[in-house]
Amino acid sequence: MAEDSVSKTLEELSKKLDLIMKRLEALEMLILENPKYSELAPLLRLTRAGVGIYGEPLKLLERLKRAERLLKIRKEIARDEISRCIIQALAIRGPLNISALTRQVRMMRGKASRRIIRARLKHLEAEGIVRESKGYGKTYELTD
């Protein structure tokens, strides 16, 4: 019950921050169009950057909650150390490619091979736990 309320609170905060960012962006566009207010543009950019800083910890918390939920539901994955490390690395770092995941798993457990990480990722992808994310290269992220 408390876990559900924390999830809802995180989601609400994330939506509010997104709304604030959109409004600041609209204000910045208005200020840039009107030369009379040009001296305010740097201040508005700083404000937008400051608000953006709060968004990253919220995204991290959402990923950590998602990983925790996945590991509670899927006991067989929680018992597999490599899969658990992959999920934890994706939760902490966000989308990563196979090389970056191998480095993260190596730091967590002392050893890791790209071949094994790739095989586990294929298994986790088939299970619906991770997915290939959009962007440059072949990166993976936790599913919702």
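Key figures
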quantity: Residue under evaluation ILE82, criteria (1) of a type in the set (Val, Ile, Thr); (2) over 14 Å from the mean Cα position of the chain (by Cα); (3) under 27 Å from PRO57 (Cβ atoms), criterion not met; calculated: (3)
quantity: Residue identified as part of a helix (DSSP H, G or I), charged (D, E, K, R) and under 17 Å from the mean Cα position of the chain (by Cα) among ARG23, ARG48, ARG63; calculated: ARG63
quantity: Selected residue (only one of GLU28, GLU56 is over 26 Å from GLU141 (Cβ atoms), out of contact with any Phe, Trp or Tyr (no Cβ under 8 Å at 6 or more places or on another chain) and assigned to a helix (DSSP H, G or I)); calculated: GLU28
quantity: Single residue of the stretch 70-89 satisfying the filter (β-branched (Val, Ile, Thr) and over 14 Å from ILE117 (Cβ atoms)) that is most open to solvent (accessible area, probe 1.4 Å); calculated: ILE73
quantity: Members of the stretch 96-125 found to be open to solvent by 70 Å² or more (accessible area, probe 1.4 Å) and not in a helix (DSSP H, G or I), listed by number; calculated: LYS111
quantity: Filtered residues of the stretch 133-142 (kept if of a type outside the set (Val, Ile, Thr) and open to solvent by less than 90 Å² (accessible area, probe 1.4 Å)); calculated: SER133, GLY135, GLY137, TYR140, GLU141, LEU142
quantity: Given (1) without any contact (Cβ under 8 Å) to a residue 40 or more places away in the chain; (2) touching a helix residue (DSSP H, G or I) at 6+ places or on another chain (Cβ under 7 Å), index of the condition ARG23 fails; calculated: (2)
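The values are calculated or read from the model by the stated rules, or taken from the named source; none is laboratory data. Just so we're clear, the structure is a prediction, and the values are computed from it rather than from any experiment. As a convention, Cβ positions derive from the backbone with ideal geometry for all residues, glycine included, and neighbour counts pool all protein chains shown. Heads up: the accessible areas ignore ligands, DNA and RNA and are worked out on the full protein's heavy atoms, side chains in. Shrake-Rupley method; radii C 1.70, N 1.55, O 1.52, S 1.80 Å.
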